[in-house]
Amino acid sequence: MRIVAVCLAILLPMITTASAATKAERRGLSFAESNCARCHAIGRTGASRLKQAPPFRSLHDRYPIESLAEAFAEGIYTGHSDMPAFELDPDQINDLLAYLKSLE
C-alpha cells in the first residue's frame with residue numbers, strides 16, 4: 001500500500017499538469033516532440049542533446065516568445081547545418097508559441 005501511495009504522490013502532479021495544459025499547448029508539445037526534441041531539451045528539465053541547441057525553457061530569457069512567430073512563419077534558418085529549415089503554418093505557430101509560453 002505504501003508503494004501505491006508513493007507512486008500516486010509522484011504521478012499526481014504530472015497528471016494534473018498535463019490535464020491543465022490547453023489544447024494548443026499539448027499540440028505545441030507534440031510538434032516539439034516530433035520536430036525539435038532530437039536536439040533541444042523541450043521540457044522543464046534536462047539538457048539538450050546537441051550542446052548548441054538551447055533548451056526551450058530558456059528561450060524566453062533570450063527572446064520575447066511572441067517575437068518568434070515571424071521567424072516560425074518565414075522559416076528558421078541558422079548558421080549551422082544540423083538545424084533543419086522549418087516553416088510553420090499559422091496554427092502550428094500558435095500551438096508552439098503556446099507551449100513555449102507555458103515553459104516560462
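The values are calculated or read from the model by the stated rules, or taken from the named source; none is laboratory data. If you're wondering where the values come from, they're calculated on a predicted model, not measured in any experiment. Positions of Cβ are backbone-derived with ideal geometry, glycine not excepted, and every protein chain shown enters the neighbour counts. SASA here: full protein model, heavy atoms, side chains in, ligands and nucleic acids out. Shrake-Rupley method; radii C 1.70, N 1.55, O 1.52, S 1.80 Å.
Below, the figures for the structure above:
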read-out: Test: residue in segment 16-28 that is assigned to a helix (DSSP H, G or I), modelled with pLDDT under 90 and either surrounded by 12 or more Cβ atoms within 10 Å (Cβ to Cβ) or not small (Gly, Ala, Ser) (or both); value: yes
read-out: Verdict on Arg57 being open to solvent by 100 Å² or more (accessible area, probe 1.4 Å), modelled with pLDDT of 95 or more and under 16 Å from the mean Cα position of the chain (by Cα); value: no
read-out: Of all residues making up segment 36-54, the number that are over 9 Å from the mean Cα position of the chain (by Cα) and open to solvent by 50 Å² or more (accessible area, probe 1.4 Å); value: 6
read-out: Cross-chain or 6+ apart pairs with Cβ under 6 Å, segment 60-79 first and farther than 13 Å from Leu103 by Cβ, then at pLDDT below 90 and open to solvent by less than 100 Å² (accessible area, probe 1.4 Å); value: Phe72/Leu88; Gly75/Ala85; Ile76/Phe86; Tyr77/Ala85
read-out: Conditions (1) loosely packed, with under 12 Cβ neighbours inside 10 Å; (2) basic (Lys, Arg); (3) in contact (Cβ under 8 Å) with a residue 12 or more places away in the chain: number failed by Lys101; value: (1)
read-out: Leading residue by the ranking (modelled with the lowest pLDDT) among those in segment 72-98 that are over 16 Å from Gly28 (Cα atoms) and surrounded by 14 or more Cβ atoms within 10 Å (Cβ to Cβ); value: Ile76
